[in-house]
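A short worksheet on the structure shown next.
The values are calculated or read from the model by the stated rules, or taken from the named source; none is laboratory data. The structure displayed is predicted, hence computed values, not measured ones. A quick note on method: Cβ atoms are made from the backbone with ideal geometry, for glycine too, and the neighbour counts reach across all protein chains shown.
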Amino acid sequence: VHDSNYWRAEGDYSWYEEDSAIQNCDAMIFPSQICEERYQTLGKPTKVVWSANLEAWKFYGPWDWYGGIVSQGGHIDPAKTHKGESWRDYTDLYKELESKDKQVFAYSADFKGGIDLKTQPPELDAYYIKLGAILGCFNHMDLIHNMGRHDWSLCGNINGAKVWDYALPNKFFDAMSGCVPVVNFNCPEVGKLIDEYDVGINVESVDELVERWDEHKEKRASVYRNRNELTMERQIHKVIELYNEIY
């Protein structure tokens, strides 16, 4: 149970198909402790398994330095999207980063080519280009390779949302695979791992990020030392234990 609509969408909605699927499963795997707690009342066997999505041998190192901060994953145009997806709106954050002369590299499958297009870019691309972002769209392995070129990788958003209260997102583990330290806004589950493994910084404002920007050098060294603790190999035994429990 990773992207449950009960914590992805703002507002009080009932998600009947999801409820039915949960009732019919034998057990549940969650990416974080708080997600598990949301469903423990159902009495099914559960495990918390981080979504560490690459084996250690596939890790990349940093190449061809670009600097700046990489923000990857879903993006929306707030004027054209349901308010329940507001956590994907990075307008305020990108505006503030641009005002501080910090370059954003926004990598997402939502973008169709961005600044590389020879014609007028699609509306979503154009929206984020106007906010000063340099856009990119990659397959997963190329994404991770490119993430390692930047000073920081973003988790969360300056505007808090319900989803960030629950999330331990794939992008955190992508950053570990790409050897780039994480800057975390309003995502407590990510914050716990940052504190435990010293692989980034937890900040409350863009001003604080700017003040601490140069810490990326020492934090990257810490990512390199500690990221083997954040791999698929360190998690798979939990899945095996759960299968042995129910079968």
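The residue list 198, 142, 207 contains one member that is farther than 25 Å from residue 86 by Cα and at pLDDT 95 or above, which is 198. Kindly check whether there is at least one residue in the range 224-241 that is within 28 Å of residue 28 (Cα to Cα) and at pLDDT 95 or above. Looking through the range 224-241, none of the residues is within 28 Å of residue 28 (Cα to Cα) and at pLDDT 95 or above. Can you tell me which residue is modelled with the lowest pLDDT among those in the range 108-137 that are in a loop (DSSP other than H, G, I, E, B) and in contact with a strand residue (DSSP E or B) (Cβ under 6 Å, 6 or more places away or on another chain)? Applying the filter and picking the extreme gives 111. A search for C-beta distances below 7 Å between a residue of the range 209-227 that is without any contact (Cβ under 8 Å) to a residue 12 or more places away in the chain and any residue that is of a type in the set (A, V, I, L, M), counting only pairs 6+ apart in sequence or on different chains, returns 212/201; 212/203.
Residue-by-condition table, conditions (1) in a helix (DSSP H, G or I); (2) of a type outside the set (A, V, I, L, M); (3) more than 28 Å from residue 95 (Cα to Cα); (4) in contact with a Lys or Arg (Cβ under 8 Å, 6 or more places away or on another chain):
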residue: 150; (1), (2), (3), (4): no, yes, no, no
residue: 163; (1), (2), (3), (4): yes, no, no, yes
residue: 174; (1), (2), (3), (4): yes, yes, no, no
residue: 217; (1), (2), (3), (4): yes, yes, no, no
residue: 226; (1), (2), (3), (4): yes, yes, yes, no
residue: 242; (1), (2), (3), (4): yes, no, yes, yes
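Among residues of the range 21-49 that are within 26 Å of residue 190 (Cα to Cα), those with a Cβ under 6 angstrom from a residue that is part of a loop (DSSP other than H, G, I, E, B) and of a type in the set (D, E, K, R), sequence gap 6+ or separate chain, pair up as 27/44; 28/44. Could you tell me whether residue 61 is over 23 Å from residue 203 (Cα atoms), surrounded by 14 or more Cβ atoms within 10 Å (Cβ to Cβ), assigned by TED's automatic domain parsing to the domain that holds residue 134 and modelled with pLDDT under 80? Spelling it out, it is not the case that residue 61 is over 23 Å from residue 203 (Cα atoms), surrounded by 14 or more Cβ atoms within 10 Å (Cβ to Cβ), assigned by TED's automatic domain parsing to the domain that holds residue 134 and modelled with pLDDT under 80.
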